[in-house]
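*Asks:* Starting off with a structure, shown below.
The values are calculated or read from the model by the stated rules, or taken from the named source; none is laboratory data. Because the structure is predicted, anything quoted here is derived from the model rather than measured. Note that we place each Cβ from the backbone using ideal geometry, even for glycine, and neighbour counts take in every protein chain shown.
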Amino acid sequence: MSLSMPPALAFLLPATGPFIVVLCLTVLVRFLAWKHPQKTVPPSRLLRIGDAIALSGLLLDFGILDPDALHHFLTPDRPLDSVPLLVSVVFLFRLLFVRLPPVLPETTALFFGLWLLLSPVLKQTTLREGAFETVTVLGLWGFLRLLFPVDPKTGLDNLFLVPLFLASSALSAFSALSGSLLVGQIAAGVAAVMAVPLLAGGNHRIPCSGIEAGWALGALLVIARQYADLSPLVTGSLVLSLILGAAGARRIRTIPTLSSWKKTVLVSGLALLPLLAGAVRTILSFSADGGGD
(Lines give C-alpha, C1' and ligand atoms only; values in the text may rest on other atoms or scores of the structure.)
Protein backbone atom coordinates (compact mmCIF):
# COMPACT_ATOMS: atom_id res chain seq x y z
CA MET A 1 0.00 0.00 0.00
CA SER A 2 1.46 3.32 -1.06
CA LEU A 3 1.35 6.27 1.33
CA SER A 4 2.50 8.77 -1.27
CA MET A 5 0.58 12.01 -1.48
CA PRO A 6 -1.41 12.78 -4.66
CA PRO A 7 0.47 15.38 -6.77
CA ALA A 8 -2.37 17.93 -6.64
CA LEU A 9 -2.53 17.69 -2.83
CA ALA A 10 1.24 17.98 -2.53
CA PHE A 11 1.13 21.04 -4.80
CA LEU A 12 -1.51 22.79 -2.66
CA LEU A 13 -0.23 21.70 0.77
CA PRO A 14 2.14 24.69 1.31
CA ALA A 15 -0.79 27.09 0.83
CA THR A 16 -2.40 25.70 3.98
CA GLY A 17 0.30 27.41 6.08
CA PRO A 18 -0.65 31.01 5.16
CA PHE A 19 -4.35 30.06 5.26
CA ILE A 20 -4.15 28.66 8.80
CA VAL A 21 -2.04 31.56 10.12
CA VAL A 22 -4.29 34.24 8.60
CA LEU A 23 -7.41 32.40 9.79
CA CYS A 24 -6.07 32.02 13.36
CA LEU A 25 -5.04 35.68 13.57
CA THR A 26 -8.43 36.75 12.22
CA VAL A 27 -10.27 34.58 14.75
CA LEU A 28 -8.03 35.92 17.54
CA VAL A 29 -8.78 39.55 16.66
CA ARG A 30 -12.50 38.80 16.46
CA PHE A 31 -12.37 37.01 19.80
CA LEU A 32 -10.57 39.93 21.48
CA ALA A 33 -13.10 42.37 20.03
CA TRP A 34 -15.94 40.21 21.39
CA LYS A 35 -14.24 39.69 24.77
CA HIS A 36 -13.62 43.40 25.32
CA PRO A 37 -16.59 45.20 23.71
CA GLN A 38 -15.93 48.28 25.84
CA LYS A 39 -12.61 48.85 24.03
CA THR A 40 -13.84 50.16 20.71
CA VAL A 41 -11.26 50.00 17.95
CA PRO A 42 -11.62 52.70 15.27
CA PRO A 43 -12.69 51.13 11.93
CA SER A 44 -9.65 52.57 10.12
CA ARG A 45 -7.31 50.96 12.65
CA LEU A 46 -9.18 47.67 12.35
CA LEU A 47 -8.65 47.84 8.59
CA ARG A 48 -4.91 48.29 9.11
CA ILE A 49 -4.92 45.26 11.43
CA GLY A 50 -6.70 43.22 8.75
CA ASP A 51 -4.15 44.28 6.14
CA ALA A 52 -1.27 43.49 8.53
CA ILE A 53 -2.71 40.00 8.97
CA ALA A 54 -2.88 39.55 5.19
CA LEU A 55 0.70 40.81 4.83
CA SER A 56 1.90 38.26 7.41
CA GLY A 57 0.26 35.50 5.36
CA LEU A 58 1.94 36.68 2.16
CA LEU A 59 5.38 36.81 3.80
CA LEU A 60 4.83 33.35 5.28
CA ASP A 61 3.89 32.14 1.79
CA PHE A 62 7.34 33.12 0.57
CA GLY A 63 9.01 31.93 3.77
CA ILE A 64 7.67 28.42 3.18
CA LEU A 65 8.11 28.17 -0.59
CA ASP A 66 10.98 30.51 -1.43
CA PRO A 67 13.07 31.41 1.63
CA ASP A 68 15.73 32.99 -0.61
CA ALA A 69 13.24 35.75 -1.43
CA LEU A 70 13.20 36.73 2.26
CA HIS A 71 16.97 36.36 2.58
CA HIS A 72 17.29 38.91 -0.24
CA PHE A 73 14.45 41.06 1.09
CA LEU A 74 16.38 44.33 0.82
CA THR A 75 18.65 43.27 -2.04
CA PRO A 76 16.39 41.45 -4.54
CA ASP A 77 18.35 39.56 -7.17
CA ARG A 78 15.55 37.65 -8.89
CA PRO A 79 12.06 38.83 -9.85
CA LEU A 80 10.51 36.67 -7.11
CA ASP A 81 12.84 38.27 -4.55
CA SER A 82 11.16 41.62 -5.16
CA VAL A 83 7.59 40.57 -4.31
CA PRO A 84 7.91 40.47 -0.47
CA LEU A 85 9.58 43.89 -0.49
CA LEU A 86 6.94 45.27 -2.86
CA VAL A 87 3.93 44.19 -0.76
CA SER A 88 5.66 45.40 2.42
CA VAL A 89 6.36 48.81 0.89
CA VAL A 90 2.76 49.07 -0.34
CA PHE A 91 1.55 48.40 3.22
CA LEU A 92 4.07 50.86 4.68
CA PHE A 93 3.18 53.63 2.21
CA ARG A 94 -0.51 53.31 3.03
CA LEU A 95 0.27 53.26 6.75
CA LEU A 96 2.48 56.36 6.67
CA PHE A 97 0.39 58.40 4.23
CA VAL A 98 -3.02 57.41 5.54
CA ARG A 99 -4.25 61.02 5.40
CA LEU A 100 -3.40 61.41 1.71
CA PRO A 101 -5.72 60.35 -1.12
CA PRO A 102 -5.15 56.58 -1.66
CA VAL A 103 -4.12 57.11 -5.28
CA LEU A 104 -0.92 58.93 -4.24
CA PRO A 105 0.78 56.18 -2.15
CA GLU A 106 -0.40 53.52 -4.59
CA THR A 107 0.96 55.41 -7.60
CA THR A 108 4.26 55.67 -5.77
CA ALA A 109 4.06 51.94 -5.10
CA LEU A 110 3.41 51.31 -8.80
CA PHE A 111 6.60 53.08 -9.89
CA PHE A 112 8.54 51.44 -7.07
CA GLY A 113 7.19 48.06 -8.18
CA LEU A 114 8.15 48.70 -11.79
CA TRP A 115 11.70 49.53 -10.71
CA LEU A 116 11.89 46.46 -8.46
CA LEU A 117 10.66 44.07 -11.12
CA LEU A 118 12.53 45.59 -14.02
CA SER A 119 15.92 45.45 -12.30
CA PRO A 120 16.27 41.64 -12.20
CA VAL A 121 14.27 41.12 -15.40
CA LEU A 122 16.62 43.31 -17.42
CA LYS A 123 19.59 41.23 -16.31
CA GLN A 124 18.17 38.30 -18.28
CA THR A 125 16.44 39.91 -21.25
CA THR A 126 16.62 42.92 -23.53
CA LEU A 127 15.57 46.37 -22.41
CA ARG A 128 12.75 46.46 -24.95
CA GLU A 129 11.28 43.06 -24.06
CA GLY A 130 11.66 43.37 -20.30
CA ALA A 131 10.33 46.92 -20.09
CA PHE A 132 7.39 46.21 -22.40
CA GLU A 133 6.27 43.09 -20.54
CA THR A 134 6.68 44.55 -17.08
CA VAL A 135 5.15 47.96 -17.76
CA THR A 136 2.25 46.43 -19.68
CA VAL A 137 1.22 43.82 -17.11
CA LEU A 138 1.93 45.76 -13.92
CA GLY A 139 0.64 48.97 -15.47
CA LEU A 140 -2.59 47.16 -16.35
CA TRP A 141 -2.86 45.98 -12.78
CA GLY A 142 -2.36 49.54 -11.54
CA PHE A 143 -5.27 50.60 -13.76
CA LEU A 144 -7.38 47.64 -12.63
CA ARG A 145 -6.77 48.57 -9.02
CA LEU A 146 -8.91 51.67 -9.59
CA LEU A 147 -11.88 49.38 -10.29
CA PHE A 148 -11.69 47.91 -6.78
CA PRO A 149 -13.09 50.55 -4.37
CA VAL A 150 -11.58 50.34 -0.88
CA ASP A 151 -13.59 52.09 1.82
CA PRO A 152 -11.29 53.68 4.45
CA LYS A 153 -13.40 52.08 7.20
CA THR A 154 -14.87 48.85 5.86
CA GLY A 155 -12.14 47.92 3.38
CA LEU A 156 -12.95 45.97 0.24
CA ASP A 157 -16.42 44.50 -0.10
CA ASN A 158 -16.33 40.70 -0.19
CA LEU A 159 -17.81 40.73 -3.69
CA PHE A 160 -14.61 42.32 -4.98
CA LEU A 161 -12.47 39.70 -3.25
CA VAL A 162 -14.13 37.01 -5.40
CA PRO A 163 -12.43 37.94 -8.73
CA LEU A 164 -9.10 38.43 -6.92
CA PHE A 165 -9.38 34.96 -5.39
CA LEU A 166 -10.42 33.34 -8.67
CA ALA A 167 -7.67 35.05 -10.68
CA SER A 168 -5.02 34.01 -8.13
CA SER A 169 -6.29 30.43 -8.16
CA ALA A 170 -6.32 30.37 -11.96
CA LEU A 171 -2.81 31.85 -12.14
CA SER A 172 -1.68 29.09 -9.80
CA ALA A 173 -3.02 26.38 -12.10
CA PHE A 174 -1.93 28.06 -15.35
CA SER A 175 1.63 28.65 -14.08
CA ALA A 176 2.00 25.09 -12.84
CA LEU A 177 0.79 23.62 -16.13
CA SER A 178 3.06 26.02 -18.03
CA GLY A 179 6.11 24.70 -16.21
CA SER A 180 6.62 26.98 -13.19
CA LEU A 181 5.55 25.03 -10.11
CA LEU A 182 7.08 27.60 -7.73
CA VAL A 183 5.13 30.55 -9.14
CA GLY A 184 2.02 28.36 -9.16
CA GLN A 185 2.43 27.39 -5.52
CA ILE A 186 3.09 30.99 -4.44
CA ALA A 187 -0.02 32.11 -6.33
CA ALA A 188 -1.98 29.39 -4.50
CA GLY A 189 -0.74 30.90 -1.23
CA VAL A 190 -1.96 34.34 -2.33
CA ALA A 191 -5.36 32.81 -3.11
CA ALA A 192 -5.38 31.16 0.33
CA VAL A 193 -4.73 34.51 2.02
CA MET A 194 -7.69 36.06 0.17
CA ALA A 195 -9.92 33.08 0.93
CA VAL A 196 -9.94 33.85 4.66
CA PRO A 197 -11.83 37.19 4.55
CA LEU A 198 -14.24 35.56 2.08
CA LEU A 199 -14.98 32.73 4.49
CA ALA A 200 -14.82 34.80 7.69
CA GLY A 201 -17.28 37.48 6.60
CA GLY A 202 -20.46 38.49 8.36
CA ASN A 203 -21.38 41.29 10.70
CA HIS A 204 -18.20 41.01 12.75
CA ARG A 205 -15.77 40.60 9.88
CA ILE A 206 -12.26 41.99 10.13
CA PRO A 207 -12.04 44.44 7.20
CA CYS A 208 -9.40 43.86 4.57
CA SER A 209 -8.43 46.04 1.61
CA GLY A 210 -6.98 43.21 -0.49
CA ILE A 211 -4.39 45.70 -1.75
CA GLU A 212 -1.25 43.88 -0.62
CA ALA A 213 -2.50 40.57 -2.02
CA GLY A 214 -3.56 42.37 -5.19
CA TRP A 215 -0.10 43.82 -5.74
CA ALA A 216 1.39 40.37 -5.13
CA LEU A 217 -0.95 39.04 -7.82
CA GLY A 218 0.11 41.81 -10.21
CA ALA A 219 3.80 41.06 -9.64
CA LEU A 220 3.25 37.32 -10.09
CA LEU A 221 1.48 38.04 -13.38
CA VAL A 222 4.63 39.78 -14.59
CA ILE A 223 6.84 36.93 -13.43
CA ALA A 224 4.59 34.23 -14.88
CA ARG A 225 4.52 36.04 -18.22
CA GLN A 226 8.31 36.21 -18.25
CA TYR A 227 9.32 32.86 -16.81
CA ALA A 228 6.32 30.50 -17.01
CA ASP A 229 5.79 31.50 -20.65
CA LEU A 230 2.12 32.27 -20.21
CA SER A 231 0.72 33.11 -23.61
CA PRO A 232 -0.79 36.57 -24.26
CA LEU A 233 -4.20 34.87 -24.42
CA VAL A 234 -3.82 33.33 -20.96
CA THR A 235 -2.49 36.57 -19.46
CA GLY A 236 -5.31 38.46 -21.14
CA SER A 237 -7.89 36.04 -19.74
CA LEU A 238 -6.64 36.73 -16.22
CA VAL A 239 -6.75 40.50 -16.70
CA LEU A 240 -10.20 40.36 -18.35
CA SER A 241 -11.44 38.19 -15.48
CA LEU A 242 -10.44 40.91 -13.02
CA ILE A 243 -12.10 43.61 -15.15
CA LEU A 244 -15.39 41.74 -15.59
CA GLY A 245 -15.42 40.64 -11.95
CA ALA A 246 -14.83 44.14 -10.60
CA ALA A 247 -17.23 45.81 -13.04
CA GLY A 248 -19.86 43.18 -12.32
CA ALA A 249 -19.42 43.55 -8.55
CA ARG A 250 -19.90 47.33 -8.84
CA ARG A 251 -23.25 46.81 -10.53
CA ILE A 252 -24.49 43.70 -8.76
CA ARG A 253 -23.90 44.94 -5.22
CA THR A 254 -26.40 47.77 -5.84
CA ILE A 255 -29.27 45.34 -6.57
CA PRO A 256 -31.20 45.16 -3.26
CA THR A 257 -33.42 42.25 -4.30
CA LEU A 258 -30.53 39.80 -4.58
CA SER A 259 -29.29 37.84 -1.59
CA SER A 260 -25.58 37.77 -0.75
CA TRP A 261 -25.00 34.28 -2.11
CA LYS A 262 -26.74 35.11 -5.40
CA LYS A 263 -24.54 38.19 -5.80
CA THR A 264 -21.46 36.05 -5.15
CA VAL A 265 -22.57 33.46 -7.73
CA LEU A 266 -23.16 36.14 -10.37
CA VAL A 267 -19.80 37.82 -9.81
CA SER A 268 -18.08 34.43 -9.83
CA GLY A 269 -19.73 33.57 -13.13
CA LEU A 270 -18.58 36.80 -14.74
CA ALA A 271 -15.03 36.37 -13.47
CA LEU A 272 -14.88 32.72 -14.58
CA LEU A 273 -15.97 33.32 -18.18
CA PRO A 274 -12.61 34.64 -19.47
CA LEU A 275 -10.73 32.08 -17.37
CA LEU A 276 -12.33 29.28 -19.37
CA ALA A 277 -10.51 30.49 -22.47
CA GLY A 278 -7.26 30.66 -20.51
CA ALA A 279 -7.83 27.15 -19.16
CA VAL A 280 -8.46 25.71 -22.62
CA ARG A 281 -5.36 27.40 -24.03
CA THR A 282 -3.19 26.19 -21.14
CA ILE A 283 -4.47 22.59 -21.34
CA LEU A 284 -3.92 22.47 -25.11
CA SER A 285 -0.34 23.73 -24.67
CA PHE A 286 0.24 21.27 -21.85
CA SER A 287 -1.03 18.39 -24.00
CA ALA A 288 1.04 19.49 -27.00
CA ASP A 289 4.15 19.45 -24.81
CA GLY A 290 3.48 15.84 -23.89
CA GLY A 291 1.58 16.40 -20.67
CA GLY A 292 4.63 17.53 -18.74
CA ASP A 293 6.76 14.53 -19.79
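*Asks:* Given the conditions (1) surrounded by fewer than 19 Cβ atoms within 10 Å (Cβ to Cβ); (2) modelled with pLDDT under 90, and given that residue 198 satisfies all but one, which numbered condition is not satisfied?
*Replies:* Against the list (1) surrounded by fewer than 19 Cβ atoms within 10 Å (Cβ to Cβ); (2) modelled with pLDDT under 90, residue 198 comes up short only on (2).
*Asks:* Residue 169 passes all but one of (1) over 19 Å from residue 41 (Cα atoms); (2) surrounded by fewer than 24 Cβ atoms within 10 Å (Cβ to Cβ); (3) of a type in the set (Ser, Thr, Tyr); (4) touching a residue at least 40 places away in the same chain (Cβ under 8 Å); which number fails?
*Replies:* Result: residue 169 passes all but (4).
*Asks:* Within the range 210-245, track down each residue that is aliphatic (A, V, I, L, M) and in contact with a Pro (Cβ under 6 Å, 6 or more places away or on another chain).
*Replies:* Matches in the range 210-245: 223, 240, 242.
*Asks:* Among the residues of the range 242-291, how many are outside any helix (DSSP H, G or I), among the charged types (D, E, K, R) and more than 23 Å from the chain's Cα centre (by Cα)?
*Replies:* Residues that pass the stated criteria total 1.
*Asks:* Moving on to the next point. Checking the structure you have, find out if any residue of the range 218-239 is farther than 15 Å from residue 155 by Cα, of a type in the set (Ser, Thr, Tyr) and not in a helix (DSSP H, G or I).
*Replies:* Yes, because at least one residue in the range 218-239 is farther than 15 Å from residue 155 by Cα, of a type in the set (Ser, Thr, Tyr) and not in a helix (DSSP H, G or I).
*Asks:* Please state which of the following conditions residue 98 fails to meet, knowing it meets all the rest: (1) modelled with pLDDT under 80; (2) buried (at least 18 other Cβ atoms within 10 Å of the Cβ); (3) assigned to a loop (DSSP other than H, G, I, E, B).
*Replies:* Going through (1) modelled with pLDDT under 80; (2) buried (at least 18 other Cβ atoms within 10 Å of the Cβ); (3) assigned to a loop (DSSP other than H, G, I, E, B) one by one, residue 98 breaks only (2).
*Asks:* Right, next: Please verify whether residue 217 is over 16 Å from the mean Cα position of the chain (by Cα), under 25 Å from residue 283 (Cβ atoms), at pLDDT 90 or above and not polar (S, T, N, Q), treating the condition exactly as stated.
*Replies:* When the stated conditions are applied, residue 217 does not pass them.
*Asks:* Please determine whether any residue of the range 26-43 is of a type outside the set (Val, Ile, Thr) and under 16 Å from the mean Cα position of the chain (by Cα).
*Replies:* The answer is no; no qualifying residue exists.
*Asks:* Looking at the range 16-26, is at least one residue of a type in the set (Val, Ile, Thr), farther than 15 Å from residue 208 by Cβ and either in a helix (DSSP H, G or I) or in contact with a Lys or Arg (Cβ under 7 Å, 6 or more places away or on another chain) (or both)?
*Replies:* For the range 16-26, residues of a type in the set (Val, Ile, Thr), farther than 15 Å from residue 208 by Cβ and either in a helix (DSSP H, G or I) or in contact with a Lys or Arg (Cβ under 7 Å, 6 or more places away or on another chain) (or both): present.
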